[in-house]
Amino acid sequence: MAAKVKWLDENGRECKPTKGAKGAWWVVVHDQGRRKKRRFGPRKADKARAHSVVREIDKLLATGTYWAAQEPREETPPPLLCREALERWLLTYSATLKPSYQVSAGDVIRLHLAPFFGDQDVRELNEERLLEYVRMKLAEPRPPRKEGGVALPPIKPATIRLHLAILRRVLGLLERDGKIQRNPARGIGELLRRVGRSIASETEEAQHWTRSEVERLIAIARKHEPRFAPLLVLLFSTGVRRGEALGLQWSDVDFDSRVLTVRRSITKEGVGTPKSGKARRVPMTPALADELFDLLATRRREVLANGWKEVPEWLFPAEPGCRKEEGATEATQRTLLGGGRPDASNAERTWLRLRRRAQAQGIRPLKLHCTRHTWATFALKAGKSVRWVADVLGHADPALTLRIYAHAMREEETDLSFADFGVGGRTTKEGGDVVRDGPGRPYTAPGFDEAAVSSLDGVESTAEDESDSDDFEVVAQARVELATPAFSVRCSTN
């Protein structure tokens, strides 16, 4: 029997290679009741190399010396250290990553992944080794942020999942290139979710403020942080991310249509696109439109007070009052004097000051990102569709919205009028009364309000009916249907 080149999927089943399919080219030898396989990789070059090896194997099979000589073996490749693979990935693919993600991924590699996996060959990684990392991180004590402060709580499984997501991404590229046979981190997401459920003492929900807390928080902001108050109102009224709100310009505001267009995001690393990479339109409430219109009037007054040439293009520009800096460029000087690009770090410091004041007055000290959770929770409780909420939030998949905010969905519906097609007709509300559109019945089923249904309106009594009126009233009160009288004419016998 000759050797063959076959495409096997990730489960080892033979199939036809298609675009995007997961699998690789294999050389399969079946001879003298024995079977041997060897993996080459998913690329065309791997297929050509496999055919070259098959020709050599066929020669050995023809002479009967294959099992003695075995197929030609390549030299043992040098070890592929995990640390080198992670650093090479960050350097090679940095152009495809957002600046903020570059920084966070670099910190995760330097502080967490490299110290643990650093000198291990990636070909030797398995699920057991990944679980060792999980156990170590869950048990690892975290020092306080400041000397003499309170120790930080252990790292959560969700954070560990983000760590290993970077490793999974690197291993996936190595698997694609044929350098490893299988990505052991492929199912780490579900594995960490199970770990989180096993150690959790209670279920977690997206935290949000109550309506009373929102109103009090905005009132405190207007009193103590008046420049921050319009930003806070916008966050609560639209559900946009903080960076997206800071990235808004006056050209993005349509007062006529009451719509904001989210095109950019500002973080500590600079200006970039929104997290989804796409622009989206967000509706404004009338109150928010009034708030922003008043803010525009304030900016015009600041133009005169600060000697600016024009109204700053940003809704929330850098605050005025900073000193001049010698040798600074015009753009930098404008930021220092106020009116330039918003400062994400300054917005964070302002929020922390405001949160401490609010906490002293009994308001929960949640993160500023919880303004987004608050908006989404209120929207779903108001009956807005998951699809609409996902579009406004910028979620590509509504399933993500449903998974995060399932607690806000209505658990029970008592209004079933949309499916009321019974004998009595559809029930509607008119001035608080129940009205039956159909012909009606002289009595109602158990559980309905008899006073809301006219039992005998429009039914004329006759002499024959008067004798049975007492019996009918008793039967109606007992909610038992009267027997149907026998017909004088039976069915035809034809």
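Computed over every Cα-Cα pair of region 220-267 and binned at 5 Å starting from 0, the pair-distance distribution P(r) comes out as 5, 20, 26, 27, 15, 7, 1 percent.
Under 25 Å of direct C-alpha separation, and excluding same-chain neighbours fewer than eight residues apart, Lys223 reaches these lysines: Lys367. Projected onto its three principal axes, the C-alpha set of region 114-273 covers 60, 43, 32 Å, listed from the longest axis down.
In whole angstrom, how far apart do the alpha carbon centroids of region 380-404 and region 92-154 sit? Taking the Cα centre of each part, region 380-404 and region 92-154 sit 32 Å apart. Beyond 20 Å, what share of the Cα-Cα pairs of region 80-201 remains, rounded to the nearest whole percent? Every Cα pair in region 80-201 considered, those over 20 Å come to 46 percent.
Near Val389: Cβ cut-off under 13 Å, other residues only, Lys/Arg at +1 and Asp/Glu at -1. The net charge is +4. Straight-distance candidates among the lysines for linking to Lys309, with alpha-carbon spacing under 21 Å and chain neighbours fewer than 8 residues away dropped: Lys324.
Summing +1 for each Lys or Arg and -1 for each Asp or Glu among the other residues whose beta-carbon sits under 14 angstrom from that of Ala297 gives -1. With all protein chains kept in place, the per residue accessible area of region 100-169 amounts to 61 square angstrom at a probe of 1.4 angstrom.
The values are calculated or read from the model by the stated rules, or taken from the named source; none is laboratory data. This is a predicted model, so every value here is computed, not measured. Every residue, glycine among them, receives a Cβ derived from its backbone with ideal geometry; neighbour counts consider all protein chains shown. Note: areas computed on protein heavy atoms with side chains; ligands, DNA, RNA excluded. Shrake-Rupley method; radii C 1.70, N 1.55, O 1.52, S 1.80 Å.
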